[in-house]
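S.K.: Quick one: the structure is below, and I'll ask about it shortly.
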Ligand code: GLA
Ligand code: GLA
């Protein structure tokens, strides 16, 4: 089994004038924040809902507006000062206010070892401040200077094959190298000392899209030390990794190598270590910044559902979460891809308990690294931005402000194109969006408080990837047994109903939710089973599926019947064995007559069928064919004051999950964002706080859609227009509304 390549590429597969503080707009919690560090404001996982903030402070405390702008690389234009002058003029026109600068500027800041040139950045920072703009000032470690790679080869990674990599592009430095860490400490200290107290400095943008791993001797030593701290003895490690298999027993710490491995526990621990070491490097980056600028928040831009790092561990060291969104909205039913993007927004909002996040990058136009860089159709840019805000973003920011004239991203969408900047459709879109944002100050700091959580857990995904069986999926995808896709499929029915969802990891607090949906909870991380049991016992509703409670945190199988680790008594079933399906012949399931969720008809299922035996659970649906026809395919069990639903099989498309979720939502009386029936492809989000509630209504389809609002009266925050009764939504129409 070869490992999927986890190194950085653009991995998106679904793929933001100074005014006085708004008096009375912020909660007491917020006021405590200024001038403290923002991390102190975010409710931590585990905090009861009563302790949650009603409204959070703006990202820039004295600037209570949606931040708008993006990545800007003036260092590429230093020989053409007229271009930079023009940029400032255009920035004003678009209502922009915040720019990420210096991300890849190391060789402009330190052209030779120890020779620093800050004059150009001083000028940019001063001019940003003069315009009332803000800087997300980057540390430049995302791209190292050539002189460094040449003089200190150790800063270049060694790859899985054991070869030192060439200088190459970017995001390719060793996270452990003492030289790299020292060079980062020096440049970060200089930046922090130079710009502390600068009017333009709003936040630190740490490096760029951390990713990848290094297999050099420094990293291997650090890995072994990390393992020693985790396992203490080799005996414990050998047991945890089940190394007697294929004569893999480890006799000395130095023998441990993370290259090709059939030892699942080793693979998992290597991935954990890579996250640990990347976070350790990030802490190293942050230390000089915190010391010079304790009240300036730090963030780093993350990537979609990136599988190479456990981003939840980053959340602990970031004051704000930020992410880069590059959706592919290509298919006939591209509303499904919008729903997938909603899930990711919800995950990044949930990472800090509802704290508004930063949409750090998005493209107003084509994404040149995609195979088919499609233009945004009229309305789609506005929709994408309002979708992000509706889910909790307090920024809409772009990659990139201006197209570079050369190199790899010269054709990547930007606000300012090579041709006539102001006359382009894209530029006009940005101007219109900037104007819309002037009506959204009230949204800043508001949040979403769902009753429902979906568990999407990166470590569970790793465990599924490394496990050979049951059933392989396409090894190139990577082969996580379609875990991420399955989470998306369980999320989508809620999106269709306009029911808000938090997207959490299995270590998160469940107690603030009424319903937790945990598809394919294959690996039970320490403590998870006990917290799940307490949640259900206290009256929570849990949805489990096939392949739950199968292995522990080192991928040792949980013996004694699945779902294991204590989940069996919760689900009230025993899963004896699991069948893998070819597409043909098809399998179907039939809901039981008079089932509590009101499901009827017949539903196709795919990929997995478990043969389960009820041990107290009621049967809600049974298999139609094969030798296990009549056996349970969906069950429900009462445990304590709660209930556990168990899908023994994987529904095809949306049919069964739609019917199931609709039934469950009505049974649990889950609150919808708007109590109206939404046509497929239309969704609504809601943000509340500070006594106001905003609705974000979207038609994500290419055709008109009609929504019957009945007696509900909504007012468009931009133009005051009232919506009520039967309302036609144009293709890709999006609105921000309040109750009239
Ligand atoms: C081969 C090998 C066995 C085992 C089986 C599994 O036959 O010899 O060790 O791996 O495959 O199918
Ligand atoms: C990533 C990077 C940016 C840029 C964009 C292009 O998000 O962070 O530097 O390369 O991709 O889509």
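A short reminder: the numbers here are calculations on the coordinates, not readings from a lab. In this text, all values refer to a predicted model and were calculated from it rather than measured experimentally. Cβ placement follows ideal geometry from the backbone for every residue including glycine, while neighbour counts extend to all protein chains displayed.
S.K.: Can you compute the FRET efficiency between residue 408 and residue 228 using 1/(1 + (r/R0)^6), with r the Cβ-Cβ distance and R0 = 51 Å? Round to the nearest 0.05.
M.R.: On the way: r = 41 Å, r/R0 = 0.81.
According to the calculation, E is roughly 0.80.
S.K.: Does the range 233-366 classify as rounded, prolate or oblate by the C-alpha gyration tensor (a ≥ b ≥ c root eigenvalues; a/c under 1.5 gives rounded; else a/b over b/c gives prolate, otherwise oblate)? Mind dumping the intermediate values first?
M.R.: Working: a/c = 3.05, a/b = 1.51, b/c = 2.02.
Oblate shape, in that a/c is at least 1.5 and b/c is the bigger or equal ratio.
S.K.: Can you tell me the order of 232-240, 349-357, 89-97 when each peptide is scored by its average per-residue count of other Cβ atoms within 10 angstrom, highest first? Each step should come with its number before you reach the end.
M.R.: Working: 232-240: 14.8, 349-357: 26.2, 89-97: 20.0.
In descending order of packing, they fall as 349-357, 89-97, 232-240.
S.K.: Once you have the alpha carbon radius of gyration of the chain, what is it after dividing by 2.2 N^0.38 Å, with N set to its residue count? The partial results should precede the final answer.
M.R.: Values: Rg = 26.0 Å, N = 740, 2.2 N^0.38 = 27.1 Å.
Normalised Rg, Cα atoms only: 0.96.
S.K.: Moving on to the next point. What is the spin-label model distance, in nm, from residue 189 to residue 52 if the labels are put 7 Å beyond Cα along the C-beta direction?
M.R.: The modelled label-to-label distance comes out at 4.3 nm.
S.K.: Could you work out the relative contact order of the range 473-550? I mean the mean sequence separation of Cα pairs under 8 Å and 6+ apart, divided by the number of residues, in percent. Walk me through the numbers before you get to the answer.
M.R.: Details: 67 pairs, mean separation 23.4, N = 78.
30 percent.
S.K.: What nm value, rounded to one decimal, do you get for the distance between residue 740 and residue 606 when each label is placed 7 Å out toward the C-beta?
M.R.: It is 4.4 nm.
S.K.: Could I ask something else about it? Calculate, for residue 374 and residue 83, the FRET efficiency according to 1/(1 + (r/R0)^6) with r their C-beta to C-beta distance and R0 25 Å; round to the nearest 0.05. Display every interim value, and only then the final one.
M.R.: On the way: r = 28 Å, r/R0 = 1.13.
Here the calculated transfer efficiency is 0.35.
S.K.: For residue 721 and residue 131, FRET efficiency with R0 = 25 Å and r from the beta-carbon atoms, rounded to 0.05? Walk me through the intermediate numbers first.
M.R.: Values: r = 33 Å, r/R0 = 1.30.
So, using R0 = 25 Å, E works out to roughly 0.15.
S.K.: Report the label-to-label distance for residue 123 and residue 584 in nanometres (one decimal), using points 7 Å from each Cα along the Cα→Cβ vector.
M.R.: Simple spin-label model gives 6.9 nm for this pair.
S.K.: Hey, can you rank 619-631, 300-312 by average C-beta count inside 10 Å, highest first? Before the final figure, lay out each step's value.
M.R.: Working: 619-631: 16.9, 300-312: 23.3.
Packing order, densest peptide first, comes out as 300-312, 619-631.
S.K.: Please compute the length gained on full extension between residue 507 and residue 703, using 0.36 nm multiplied by the number of residues separating them and subtracting their Cα-Cα distance.
M.R.: Stretched fully, the residue 507-residue 703 segment lengthens by 66.4 nm.
S.K.: OK, next. Would you please classify the overall shape of the range 529-636 from the alpha carbon gyration tensor, given that a ≥ b ≥ c denote the square roots of the eigenvalues, rounded means a/c under 1.5, and beyond that prolate means a/b larger than b/c while oblate covers the rest?
M.R.: Numbers: a/c = 2.28, a/b = 1.32, b/c = 1.73.
Oblate is the answer for the range 529-636, as a/c is 1.5 or above yet b/c matches or exceeds a/b.
S.K.: Here's a follow-up. For the range 577-642, what is the per residue volume of the convex hull drawn over the alpha-carbon atoms, in cubic angstrom?
M.R.: Details: hull volume 6.2 nm³, N = 66.
Value for the range 577-642: 94 Å³ per residue.
S.K.: So if each residue of separation counts as 0.36 nm, and I subtract the Cα-Cα distance between residue 629 and residue 692, what length gain in nm does that give? Walk me through the numbers on the way to the answer.
M.R.: Numbers: separation 63, 0.36 × 63 = 22.68 nm, distance 5.29 nm.
Contour length minus the Cα-Cα distance gives 17.4 nm.
S.K.: Using only helices, what value at 222 nm comes out for the chain when you add -39,500 (n - 2.57) per DSSP H run of length 4 or more and divide by the total residues, to the nearest 500 deg cm²/dmol?
M.R.: Values: 18 runs with 207 residues, N = 740.
Dividing the helical sum by the residues of the chain leaves -8500 deg cm²/dmol.
S.K.: Which whole-angstrom value gives the distance between the alpha carbon centres of the range 302-377 and the range 695-740?
M.R.: Value for the Cα centre distance between the two parts: 25 Å.
S.K.: Right, here's the next one. How would you classify the range 72-148 from its alpha-carbon gyration tensor, with a ≥ b ≥ c the square roots of the eigenvalues: rounded for a/c under 1.5, else prolate if a/b is greater than b/c, otherwise oblate?
M.R.: Working: a/c = 2.28, a/b = 1.89, b/c = 1.20.
Prolate shape, in that a/c is at least 1.5 and a/b is the bigger ratio.
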